[in-house]
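Written out below as structure tokens is the structure these notes cover.
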Amino acid sequence: MDNIIIADQETHFFNDVCTYFDHAAQFTKHDAGLLDQIKSCNSVYRFRFPIRKGNGFEVIDAWRVEHSHHQSPTKGGIRYSEMVNEDEVMALAALMTYKCAIVNVPFGGAKGGIKINPKNYTVQELENITRRYTVELIKKNFIGPSIDVPAPDYGSGEREMSWIADTYATMNPGQGDALGCVTGKPIALHGIAGRREATGRGVAIAVRECVNVGEDMQKIGLTAGLNGKKVIVQGLGNVGYYSAKFLTEFGATIVGLCEFEGAIYNEDGLDFDAVFQHRKATGSILGYAGATKEFTTSGEGLEQPCDILVPAALENQITIENVGRLQAKIIAEGANGPTTPEAEAVFYANGGIIIPDMYANAGGVTVSYFEWLKNLSHVSFGRMNRRFEENSNLNLVNMVEGITGVALSPLQRSTIIKGASELELVNSGLEDTMIRSYHEIRETYKNNPGIDTLRTAAFVGAINKIAVSYQNLGIWP
Ligand code: GLU
């Protein structure tokens, strides 16, 4: 496929996703027309609107792409970035389609983009932009709990989601499910516990699952288990921060951190929380006292000694140019599209493996799905059964103690009796999803000798599931 030329710049991200797709499609048996339907972006909505800025006006470029309607609603975040363009939004929307299929979340894929650097706008201006963006989506039927449900992405968060929810609810009076029009909302506005951490937690679970398979680790020269594994994380935003946090909790050591301004390293470990605070106070990770090495580019940080590299910033970070210098054996893609297809081939040829974005960072949309379910059912998880469960457990413990004559300690009693909170249910649903999906992908990879990477295996699984949806819709035989 030729690279797409948009707004006089050559772009290749959507093309890269299609390259991965075409490669994987060889390992499926579907009709060429069906494969083309799955691969294409169904709807691309590009719009511009003015906002008042200072004493004048500014025209904002924005997009919403719905890649696939094989399931409804479509789902995906809204990126606020100066770099955003149509090709990127299309690629990210396509990845959402495959991502949802991989983790069995019943949505089609979508993505939005607003071409601004949020740092250059006041809160008031950001609110105006977000509300106007939402109104533009409403006008064209590109948002709604059963139509298309945005979420946070690079440059946006809970605050923006609450503006979207409020605008949509205001414009749709009497619609009972209105708050299900967007996920990643603050808890006070019917968000869900655990959504903020979900993507990073999912990345850490994905890495843990991968590293726990001794047979696979032996092949790439690593021991099994996360304990003591050295990790470099690129990006200290939401995904990078929580990936580092949970990887540390699971026993790994964060030895390197990379950001726009440069990178820091310490082979004995960095306290990522202290680095985060240092960056908050000084505006940079550089100058952190606990680092033994400092680099003025993020790229140099990626090349330092480690077992696992977690690119959790933006696309196109690992390319044919730098892949040969990486020392990691595992790349876990917290970001979407950080590795180019050519770089991936070299990384595997050098004896490494890549946990692909469309699986590795699917924790966010998985918990978004739980939030959407909560919004449609108008009840938080655990509300109906928590006390009932606790009473049943209490009766059971009392009975067992009575029969055996063994008295449990207060801690043992409370651990057994306690009913699950919303956060515990969300985390357990997320963990179950990430574990099952990893092994599904790994089985496809292991059992098909022609399938060369975990990404190809993930695509094959996704394509097959989406094909079944089209067949169920009666569109293809
Ligand atoms: N923006 C996130 C992603 O790329 C989350 C999407 C969602 O929750 O809908 O997966």
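Select from the stretch 75-103 the residues that are touching a strand residue (DSSP E or B) at 6+ places or on another chain (Cβ under 7 Å), under 19 Å from ALA462 (Cβ atoms) and away from the ligand (no atom under 12 Å from the Cβ) and list them in ascending order.
MET90
Is it the case that some residue within the stretch 407-421 is crowded, with 17+ Cβ neighbours inside 10 Å, assigned to a helix (DSSP H, G or I) and within 16 Å of the ligand (Cβ to nearest atom)?
No, the stretch 407-421 contains no residue that is crowded, with 17+ Cβ neighbours inside 10 Å, assigned to a helix (DSSP H, G or I) and within 16 Å of the ligand (Cβ to nearest atom).
Which residue out of HIS30, HIS69 is within 16 Å of the ligand (Cβ to nearest atom), modelled with pLDDT of 95 or more, over 19 Å from the mean Cα position of the chain (by Cα) and open to solvent by 30 Å² or more (accessible area, probe 1.4 Å)?
HIS69
Has the stretch 130-144 got at least one residue that is small (Gly, Ala, Ser), crowded, with 22+ Cβ neighbours inside 10 Å, touching a residue at least 60 places away in the same chain (Cβ under 8 Å) and not in a helix (DSSP H, G or I)? Don't jump to the end; show me each part of the working.
Just the residues of the stretch 130-144 that are small (Gly, Ala, Ser), to begin with: 144.
Next, only the ones that are crowded, with 22+ Cβ neighbours inside 10 Å stay: none.
No, the stretch 130-144 contains no residue that is small (Gly, Ala, Ser), crowded, with 22+ Cβ neighbours inside 10 Å, touching a residue at least 60 places away in the same chain (Cβ under 8 Å) and not in a helix (DSSP H, G or I).
So which of THR183, THR134 ends up being over 23 Å from MET83 (Cα atoms) and of a type in the set (Ser, Thr, Tyr)?
Of THR183, THR134, the one residue that is over 23 Å from MET83 (Cα atoms) and of a type in the set (Ser, Thr, Tyr) is THR183.
Somewhere in the stretch 178-188, is a residue closer than 21 Å to ILE147 by Cα, surrounded by fewer than 24 Cβ atoms within 10 Å (Cβ to Cβ) and more than 16 Å from the ligand (Cβ to nearest atom)?
yes
Check the stretch 189-197 and report whether any residue there is out of contact with any helix residue (DSSP H, G or I) (no Cβ under 6 Å at 6 or more places or on another chain) and not in a loop (DSSP other than H, G, I, E, B).
Checked the stretch 189-197: at least one residue is out of contact with any helix residue (DSSP H, G or I) (no Cβ under 6 Å at 6 or more places or on another chain) and not in a loop (DSSP other than H, G, I, E, B).
What tally of residues in the stretch 253-268 results from selecting those that are open to solvent by 40 Å² or more (accessible area, probe 1.4 Å) and in contact with a Cys (Cβ under 7 Å, 6 or more places away or on another chain)?
Adding up the residues that qualify gives 0.
Restricting to the stretch 198-237, name every residue that is in a loop (DSSP other than H, G, I, E, B), open to solvent by 10 Å² or more (accessible area, probe 1.4 Å) and out of contact with any helix residue (DSSP H, G or I) (no Cβ under 8 Å at 6 or more places or on another chain).
ILE220, GLY221, ASN227, GLY228, GLY237
The values are calculated or read from the model by the stated rules, or taken from the named source; none is laboratory data. Keep in mind the model is a prediction, meaning the values are calculated, not measured. Counting neighbours? That spans all protein chains shown, and the Cβs are built from the backbone with ideal geometry, glycine included. Ligands, DNA and RNA are excluded from the accessible area calculation, which covers all protein heavy atoms including side chains. Shrake-Rupley method; radii C 1.70, N 1.55, O 1.52, S 1.80 Å.
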